[in-house]
Amino acid sequence: MQLYNQHTINLYNSLTGEKETFKPIHEGYVGMYVCGPTVYSNVHLGNVRTFMSFDMIFRYFKHLGYKVRYVRNITDAGHLENDADVGEDRIAKKARLEEIEPMEVVQRYTVDFHNILNTFNFLPPSIEPTATGHIIEQIEIIKNIIEKGLAYEVNGSVYFDVLKYNKTKQYGILSKRNVEDLIHNTRELDGQSDKKNPQDFALWKKAEPQHIMRWPSPWSDGFPGWHLECTAMSTKYLGEHFDIHGGGMDLKFPHHECEIAQAEACNNQAPVNYWMHANMLIMNGKKMAKSTGNFILPNEIFSGDNPHITKAYAPSVARFFMLQAHYRSVLDFTNNGLLASEKGFYRLMDAINILDELKPSTTSTFDISDWKQKCYDAMNDDFNSPMVIANLFEAVKYINQIKDGSATITKEDLATLKNTINAFVFDILGLVNVTKADTGTDKLSGAVELLIQLRQEARANKDFAMSDKIRDELAAKGIQLNDGKEGTTFSTN
RNA sequence: GGUGUCGUGGCCGAGUGGCUAGGCUCAGCUCUGCAAAAGCUGCUACAGCGGUUCGAAUCCGCUCGACACCUCCA
């Protein structure tokens, strides 16, 4: 029997604004689509957080035994600088500025994106399709929508007719906006003269003569509108109606709203059962923005080379930090927050690393099955990773107590504890067991072991001046000695 | 201005109509030659103002504030 039969997931559906019981369309299978990055620059740390949330969700579904098809696209064309369908293609602009081919831009930042995600120990999605690889599919969708009378062509560009769509369907169903408000609140922008109404959005844009990224179509040589690619790719790989669509909160409007409209227009049914939105990452209480300098690149976390942080942090520390907040909460990225998480993270790892040393007893002083259930309950409640972590620290305390001899555990419970903690920490949260001593090579640890031995001899001889000198000099070099009942270990920081 | 997400203790961050989140910090104790580590104990909270209720930080209304989208930087 699969675990998913024992665990009911309640997840927050942005479409209804409520937590709902997750029921897959096909039992045992989950189809999940997440809007991926536009690869025109280094991946934004906020984007990383969003993808990390869905990585954790992907991992949990897999853990429960679901067969998951997780599709996360790469936007390598069609995303204009301005979401109102004016301005330059972001990738084309970058290519022009750097005097390289647009596909070189795409390649460079796709590689960067994958490197960063690998460093953070992400699982690769099941399919990672690109917008430029699905131009034909996008053109077919446009044809379909034109046939339905919900799109119109002007000067080689094709626009979705929002007002007409709204007569029979509900544009704004996701973002809880009504079209009347949109009409009143839309600013007049230059370059929108082709549209019947400012609310309309582009399905196809005719390329200007100097525009390099262009494909032939029935309407013009041009490129697809930004929103269309996700409809094309999600439909192709997950069907006209699938389980979960995710993305950052910033994509809710207009991007996801437009996706719903396009898909409904095309297939006469709502495309998605559950919409999930990850909240924003801010830094030091403010929006992250390159222009104000309130900004950090993922790589700079690992190197420490950024004025907003005081030291380098291991990727798992940053991952742990982010997972200590719920995915639907705004998270404030601060150096102090990272420092606190780092301490907690290593405490968790230290406890896991002594699991194999624990001696079983005939009784347990801790209810392991209850604890295990609490871990699952936390994940089942809208993927509450902070609650999972709180439960993990309950186990940390217990493990340390067993080691100290103030608590006991049976052989069976110890096995359950190990299995459960490994499942949650490594499989589901996706953390990597990096101990503070991991940076040490065999040569280093051999040398330190020797010093530990010399210190023990000095202590035995009551030569505390020497023993303290060894301890303090090592500490000054970043090597900390930890005296325990069964000898001394060391860790580096 | 509209829409959405929020507003919790020294800091970060969960959660619930009446009962311990957790992490970090801090204080005391145990252990230690002294420390560190670990363990134990302690500390303090629910933006403000109304309302519903036997009881609200948890529900409702208003106010103030934050963040995001609607307007380039995810």
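The values are calculated or read from the model by the stated rules, or taken from the named source; none is laboratory data. These numbers were taken from a predicted model, which means no experiment stands behind them. Neighbour counts are summed over all protein chains in view; Cβ atoms, including those assigned to glycine, are modelled from backbone coordinates with ideal geometry. For accessibility, only protein heavy atoms count, side chains too; no ligands or nucleic acids. Shrake-Rupley method; radii C 1.70, N 1.55, O 1.52, S 1.80 Å.
Within the set A:Ile368, A:Ile352, A:Ile421, the sole residue that is in contact with an Asp or Glu (Cβ under 6 Å, 6 or more places away or on another chain) and at pLDDT 90 or above turns out to be A:Ile368. Against the definition (surrounded by 15 or more Cβ atoms within 10 Å (Cβ to Cβ), closer than 27 Å to A:Phe54 by Cα and of a type in the set (D, E, K, R)), how does A:Glu394 come out, yes or no? No. Scanning the stretch A:360-413 for residues that are without any contact (Cβ under 8 Å) to a residue 24 or more places away in the chain and away from RNA strand B (no atom under 12 Å from the Cβ) gives A:Asp367, A:Gln373, A:Glu412. Can you confirm whether A:Asn13 is more than 9 Å from RNA strand B (Cβ to nearest atom), in contact (Cβ under 8 Å) with a residue 60 or more places away in the chain and out of contact with any helix residue (DSSP H, G or I) (no Cβ under 6 Å at 6 or more places or on another chain)? Yes: the conditions hold for A:Asn13.
Counting only helices (runs of 4 or more DSSP H) wholly contained in the stretch A:388-493, the ones carrying 3 or more residues that are farther than 25 Å from A:Tyr60 by Cα occupy A:442-460, A:464-476.
Considering every residue within the stretch A:49-56, establish whether at least one is open to solvent by 20 Å² or more (accessible area, probe 1.4 Å) and either away from RNA strand B (no atom under 11 Å from the Cβ) or at pLDDT below 90 (or both).
To start, the set of residues in the stretch A:49-56 that are open to solvent by 20 Å² or more (accessible area, probe 1.4 Å) comprises none.
No: zero hits.
Taking the stretch A:198-218 as the range and being of a type outside the set (A, V, I, L, M), in a loop (DSSP other than H, G, I, E, B) and open to solvent by less than 40 Å² (accessible area, probe 1.4 Å) as the test, the residues that pass are A:Gln199, A:Asp200, A:His211, A:Ser217.
Which residues, counting only those in the stretch A:417-427, are over 22 Å from the mean Cα position of the chain (by Cα) and either within 10 Å of A:Pro360 (Cβ to Cβ) or surrounded by 17 or more Cβ atoms within 10 Å (Cβ to Cβ) (or both)?
Start the filter on the stretch A:417-427 by keeping residues that are over 22 Å from the mean Cα position of the chain (by Cα), which leaves A:417-420.
Passing the criteria: A:Leu417, A:Thr420.
Among the residues of the stretch A:372-387, those that are in a helix (DSSP H, G or I) and open to solvent by 10 Å² or more (accessible area, probe 1.4 Å) comprise A:Lys372, A:Gln373, A:Lys374, A:Tyr376, A:Asp377, A:Asn380, A:Pro386, A:Met387.
Per-residue answers, yes or no, for (1) of a type in the set (A, V, I, L, M, F, W, C); (2) farther than 24 Å from A:Glu300 by Cβ:
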{"position": "A:Leu323", "(1), (2)": "yes, no"}
{"position": "A:Asp332", "(1), (2)": "no, no"}
{"position": "A:Leu355", "(1), (2)": "yes, yes"}
{"position": "A:Leu358", "(1), (2)": "yes, yes"}
{"position": "A:Thr362", "(1), (2)": "no, yes"}
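Quick check on the stretch A:34-48. Is at least one of its residues more than 16 Å from the chain's Cα centre (by Cα), of a type outside the set (Val, Ile, Thr) and under 30 Å from A:Ile301 (Cα atoms)? Checked against the condition, which is being more than 16 Å from the chain's Cα centre (by Cα), of a type outside the set (Val, Ile, Thr) and under 30 Å from A:Ile301 (Cα atoms), the stretch A:34-48 yields at least one hit. If you go through the stretch A:75-96 and keep only what is modelled with pLDDT under 80 and either open to solvent by 60 Å² or more (accessible area, probe 1.4 Å) or assigned to a strand (DSSP E or B) (or both), you end up with A:Leu80, A:Glu81, A:Asn82, A:Asp83, A:Val86, A:Gly87, A:Glu88, A:Asp89. Counting only residues that are small (Gly, Ala, Ser) and over 30 Å from the mean Cα position of the chain (by Cα), the stretch A:370-416 holds 4 of them. A:Asp243 falls short on exactly one of the conditions (1) open to solvent by 40 Å² or more (accessible area, probe 1.4 Å); (2) over 22 Å from A:Tyr159 (Cα atoms), and that condition is (1). List pairs: first residue in the stretch A:55-69 and of a type in the set (Ser, Thr, Tyr), second residue open to solvent by 10 Å² or more (accessible area, probe 1.4 Å) anywhere in the structure, Cβ distance under 7 angstrom, at least six positions apart or on different chains. Listed pairs, sorted by first residue: A:Tyr66/A:Tyr4; A:Tyr66/A:Tyr29.
Within the stretch A:33-48, the residues that satisfy the criterion of being outside any strand (DSSP E or B) and either more than 8 Å from RNA strand B (Cβ to nearest atom) or farther than 15 Å from A:Leu331 by Cα (or both) are A:Cys35, A:Gly36, A:Pro37, A:Val39, A:Tyr40, A:Ser41, A:Asn42, A:Val43, A:Val48.
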